[in-house]
Amino acid sequence: MKIKFSTIITIMKRELAGYFASPLAYVFIVIFLILSGFFTFNKWFGKLFLNNEATLSYSFFAFHPWLYLLLVPAVAMRLWSEEYKSGTIELLFTMPVTVTEAVIGKFVAAWLVIVASLALTFPTVYTVYEFGEPDGGLIIAGYCSSFLLAGAFLAIGSFTSSLTRNQVVSFIFSLVLCLLLILIGFPAITDFFVKISWMPVGIVDIMSASGVFDHYNNLKRGLLDFRDIFYFLSLIVVFLTATGISLASKRTAI
Amino acid sequence: MNKLTAFIKKYVFSAFGIFLVLLIAILANVLVHRCSLRIDLTEDKLFTLSDGTKKILSKLDTPVVIRFYCSRRENQMPVPLRGFATRVEELLKEYVRAANGKLKLQKFDPVPDSDAEDSATMDGIAGEMLPTGEKFYLGIAVNCLDKTVTIPTVNPMRENTLEYDLTRAIYEASQAKMPVFGIMTSLPVMGGNMIPFMQNQAPKPPWIFVQELKRNFEVKSIPKETESIPSDVRVLLVLHPQELSKKTLYAIDQYLLSGGRLIIAVDPLSIAEQRSSMKAMMGQQSMPGSSSIPELFSAWGIEFDKDKVVVDVDHSARNFNNPDADSYPAVLDFVDIQNKSGDTALSGVSHLNMIYCGAFKCDLKEGLTKTVLLESSPKSQLINSFMAQADASTIMKSFVSDDKAKDLIIKISGKFKTAFPDGKPSDDKKDDKKDSENKTADNSSHLKESSKESVVILVSDVDFIADEFCVSKQKFLGQTFVQPYNDNLILFQNLAEQLSGDNDLISIRCKKIKERPFTKLINMQNEAQQKYQKKILEIEEEKQSVQNKLNELQKAKSSSQKLILSPEQKEEIEKFKKKLAEKNKQLKELRKEFRQDIESTMLKYEIMNIALFPAIVVIVGISLYMFSKVRSRRKAA
């Protein structure tokens, strides 16, 4: 499996251009910024000023998983579905590009769109520094965890996108998968499974440890634990590999 | 057939491939689970061991074994506690790592009828009963040679003091002897009989706080008249000191300066004394007494008026059985206490009662710092103690809040200077001549100031650890059941343990999330407050004079006239009522104005966050679009 970085970068550039040529990327960034800002300050949700505490962990970062749940599938859906629909996928693979390079390149491009929107949230950080003395390490940790979470959801989206030529189907499917990943860690669900007596402990433990929130919250709390980072990275690797497999199988379709 | 096999090949194999990858990932994660490599990014270092713990661990000279009992079976460990249990175990592993071999960790899963369960029982760890009927264990036993200290159930509510609890347990277990806790008081805290000729009666038991102390201290009674405090006394409690002799005061002073730890409880009105005095024993009426140590207090920069009791309208105690009855404004009830100072003494303390307590005024001498453990609300006042036991309406009639929070329980730490700069004081009865000789001889051992950091805890109430004010005792089937109804005893026990430890132990603060308020908002509020303060005061004064006039008029009506007002009087009253309403409106508007300044700033920032950047992105997007359109048009052309 030869991987050439220059190819990856070319693909990435092409994809980025595609993103910014259409309104999609702008719409995503704008909606993400507005919603995250709204939730942060709103008195029902983030209550940043009302809490009178110079921390972003509860008011800002806590909402990212839900924002990503809705918006990341939208960014990811066009990764492969559009190529199928417009037929350019054939063209893509006639070029000296391996599946791996293509998958990674497109994924990184989408990830960069998210990074851009995260970067544009710096007014919130500026606000919190203006008004108080926040814990800088915590903010960095928060951004790391948000970045990794977005990557994981993107990988899922990339996979579902490679399964179908219909972007809407991809969107819905990846939303459902991401939601499943979130819910699987919720105490209510794990309790339910614990009650099923023939279910071995190990499986339930694995299930609850697969939930996104546990790892996200751990990282968000400021503790860069290798295991949580590994969790997100393994999610990305699994789903990008799955993307590759699904693409490859479609290529050999008869 | 070909198409079918091709179909199978395509979908099944790829699906299988995906499933395989997933499985590998899960396995990898499970394996990685064993590795706990972490970086603590927080500024407060919430996840690393504090220096105090590391120092105590390095001072261990005998190996210590930690037995960690944790139910791992799914039906025995509630799911929400799993994360917490894992964190506890990880913390213990950090301890082992930091102790460099002197600490061993043994893990047990107390499944019913197992050896592990027997071990748990022997260590005194009982396990909690779950609603399913199963028992679940999450306890720690620290053992060093023949001494075992247990934390029977690790409480998730006390997670942020977990490190302190653990380090303290290790410290206690590794100490060969129980430290000595000295008590100097004329109150019968140690139990026994006060009156010798009543010895046919069963002796009274020691006060509950003493019984609790005896569990990890050797409690010694220190006489009120003493030349010096024994050097093995780790902590000295001076409870309700009344007119101590200079000799004794000097002893206490020198004890403090040589590194001793003091807890001094004084009181302007002690019910406990009243009920336990000799007179009361003989069935006579007795007056509650007061106590203070002005000589020592003034040397530290503390003032305590022993004739004044704190009245606090925000914390008046109520009779639960009769909620409509008047409250007791001088009996203070603190609920939902927030640990602002982060001091470990307040861990597990959320409800305190102070019964007719005084207040400390602090203007500390150099080198001393004060930590406030308990203070009254600003809506409080110091009243004369003889008024304090009057009924609520009498007290409230003359109540004027002085808008200052009063220090009720404080911790003074640092390097103290002696209260006896001239050396050991002479006895009043001795010869002067003899004294000057004695003085020169004794001054050689006289300490002028602390060689190391000392701590003094000052409590403005003595009754707070009297049995009747912290526990309720019920006799049932010959046994006395003690039920605490506040956290007074917990606070006292925390203080005793905290003070008896090394400086290292005391320095491990409650690892709370450091208060990070929006200081700019608070500053803005303060500035605005000052700006408008003058105006507000003016209007308030005007309002007050109008109010007074109104009251006069209304009084005048009731004294001179029978029942009917003259029309002029009515008019006057109406006029003043209108004026009052006007003043109130002015005040309201002024306050609104000053809030608006702050709110407009907040709004500015909110808009910047929510709307500014999205707007920029939209503009950039549109302009790029226009630009590309222009370019393509040009190309076409």
Practice item. Take the residues in region B:106-152 that are within 25 Å of B:Glu163 (Cα to Cα) and among the basic types (Lys, Arg), then tell me which one is surrounded by the fewest Cβ atoms within 10 Å (Cβ to Cβ). Key: B:Lys107
Point to revise | The listed residue being surrounded by fewer than 20 Cβ atoms within 10 Å (Cβ to Cβ) and more than 12 Å from chain B (Cβ to nearest Cβ), out of A:Leu154, A:Leu149, A:Leu175, A:Leu183 | key: A:Leu183
Exercise for review: Pick out, from region B:476-569, the helices (runs of 4 or more DSSP H) lying fully within it that include 2 or more residues that are modelled with pLDDT of 65 or more and within 30 Å of B:Val462 (Cβ to Cβ).
Suggested key: B:488-500
Study note, to complete from the structure: Of the residues in region A:32-58, those that are at pLDDT 70 or above, more than 8 Å from chain B (Cβ to nearest Cβ) and closer than 15 Å to B:Met608 by Cα number 5
Review point. What number of residues within region B:226-269 are touching an Asp or Glu at 6+ places or on another chain (Cβ under 8 Å) and either among the acidic types (Asp, Glu) or assigned to a helix (DSSP H, G or I) (or both)?
Key: 7
Review point. Somewhere in region A:190-213, is a residue facing another protein chain (nearest Cβ under 7 Å) and part of a strand (DSSP E or B)?
Key: no
Check your understanding: Is it the case that some residue within region B:19-29 is at pLDDT 80 or above, touching a Phe, Trp or Tyr at 6+ places or on another chain (Cβ under 7 Å), facing chain A (nearest Cβ under 9 Å) and in a helix (DSSP H, G or I)?
Key -> yes
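Residue under question is B:Met129, and the condition is that it be away from chain A (no Cβ under 12 Å) and at pLDDT 85 or above; does it hold? First the steps, then the outcome.
Details: away from chain A (no Cβ under 12 Å): yes; at pLDDT 85 or above: no.
Spelling it out, it is not the case that B:Met129 is away from chain A (no Cβ under 12 Å) and at pLDDT 85 or above.
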**Study point:** Scope region B:129-151; condition over 21 Å from B:Ser500 (Cβ atoms), part of a loop (DSSP other than H, G, I, E, B) and touching a residue at least 24 places away in the same chain (Cβ under 8 Å); matching residues
**Key:** B:Leu130, B:Thr132, B:Glu134, B:Tyr137
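For region A:124-173, which positions are among the polar types (S, T, N, Q) and assigned to a helix (DSSP H, G or I)? Spell out how you get there, then give the answer.
Going through region A:124-173, the residues among the polar types (S, T, N, Q) turn out to be A:124, A:127, A:145-146, A:158, A:160-162, A:164, A:166-167, A:170.
Residues satisfying the conditions are A:Thr124, A:Thr127, A:Ser145, A:Ser146, A:Ser158, A:Thr160, A:Ser161, A:Ser162, A:Gln167, A:Ser170.
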Exercise for review: Tell me, please, whether a residue that is modelled with pLDDT under 80 and touching a Gly at 6+ places or on another chain (Cβ under 8 Å) can be found in region B:44-57.
Suggested key: yes
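The values are calculated or read from the model by the stated rules, or taken from the named source; none is laboratory data. Every value quoted in this text rests on a predicted model; they were computed, and no experiment measured them. When we count neighbours, we look across all protein chains shown, and the Cβ atoms used for this are built from the backbone with ideal geometry, even at glycine.
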